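Below is one structure, written out as structure tokens; the observations come after it.
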Amino acid sequence: MLCDNCKQNEANVHITKIVNGVKQEMNICDKCAKELQGFNINESFNFGPSFSFQNILSGIMDYMSPTPQINKSQELVCNNCGTTYNDFKKYGLLGCSECYKSFSPTINPVIKRVQGNTEHTGKIPKKLGKDIMEKRRLSKLKEDLQKAIANEEYEKAAQIRDMIKSLQNNE
């Protein structure tokens with residue numbers, strides 16, 4: 001299949017866009033894709049308005065936790081770096097780690113809905129993550145202990161209790 005842009009090279013980049021149920025497709029070659037990398041592909045190929053991560057993020061933030069209309073003097077601002085909530089919505093970036101605390105009432109519900117949790121549960125570095133892994137294992141054992149007691153499995157509960165004690169003694 002030939003490139004829809006230059007009509008010379010073999011097309012190996014396929015772009016599909018569906019807006020309001022209307023499907024639009026475009027096939028371009030590597031060369032055209034690299035040339036168009038700095039341009040807005042949506043406008044170059046008449047695909048309509050461009051969509052960016054920031055636009056999507058802003059829309060999600062407004063949809064999931066609409067902020068009440070507040071005047072400029074009451075706008076949420078990070079005390080550490082000066083980033084405003086509107087800056088975050090506009091650019092999709094927080095200024096520092098303190099922004100998470102400053103904007104937590106508005107961004108935590110969204111993060112929780114999108115990711116399922118506000119605490120990281122992904123991979124942990126092997127060399128530096130031993131403490132984190134031990135804490136997780138200890139909290140998991142404590143949960144298991146409570147479940148065993150609730151289910152009246154006292155022998156299992158005693159074994160879990162002993163495992164918890166041995167872990168706490170090793171610290």
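By how many nm would the segment from E75 to D131 lengthen if fully extended, with 0.36 nm per residue of separation less the alpha-carbon distance?
16.3 nm
Can you list the aspartates and glutamates whose alpha carbon is less than 17 Å from that of K89, not counting same-chain residues fewer than 8 positions off?
Qualifying aspartates and glutamates at Cα under 17 Å: D62, E75, E98.
Rounding to the nearest 20 debye, state how big the charge dipole of the stretch 111-156 is about its Cα centre with +1 on each Lys and Arg Cβ and -1 on each Asp and Glu Cβ.
It works out to roughly 460 debye.
HN-Hα J couplings of the stretch 118-135 from phi, Karplus 6.51/-1.76/1.60, θ = phi - 60°, integer Hz, Gly and Pro as x?
Computed from phi, the couplings for the stretch 118-135 are 9, 10, 5, 10, x, 5, 10, x, 5, 6, 9, x, 4, 5, 5, 5, 5, 5 Hz.
Determine the alpha carbon to alpha carbon distance for each of K126/K156; K90/K112; K7/K34; K130/K156; K23/K90; K101/K140 and list only those over 23 Å.
Flagged as over cut-off: K126/K156; K130/K156; K23/K90; K101/K140.
What is the gain in length, in nm to one decimal, between C6 and S139 on full extension, counting 0.36 nm per residue of separation less the C-alpha to C-alpha distance?
The span from C6 to S139 would gain 41.9 nm if fully extended.
Would you please give the residues with an amide H less than 5 Å from that of L2, counting only those at least 5 places away or on a separate chain, with H modeled from the backbone geometry?
Long-range HN contacts for L2: A11.
What FRET efficiency, computed as 1/(1 + (r/R0)^6) with R0 = 45 Å and r the Cβ-Cβ distance, is obtained for K90 and E152, rounded to the nearest 0.05?
0.20
So how do C81, C3, C99 line up by other beta-carbon neighbours within 10 Å, fewest first?
Ranking C81, C3, C99 by Cβ neighbours within 10 Å, fewest first, gives C81, C3, C99.
Cut-off is 10 Å between beta-carbons; in what order do Y85, Y91 appear when sorted fewest neighbours first?
Exposure proxy ranking, most exposed first: Y91, Y85.
Would you mind getting me the FRET efficiency between Q24 and K112? Use the beta-carbon distance for r and R0 = 25 Å, nearest 0.05.
The value I calculate is 0.15.
Any read-out appearing in this document is the output of simple, stated calculations on the displayed coordinates, not a laboratory observation. On a predicted model such as this, the values are computed, not experimentally measured, just so you know. Please note: Cβ atoms are built from the backbone with ideal geometry, for glycine as well, and neighbour counts cover all protein chains shown.
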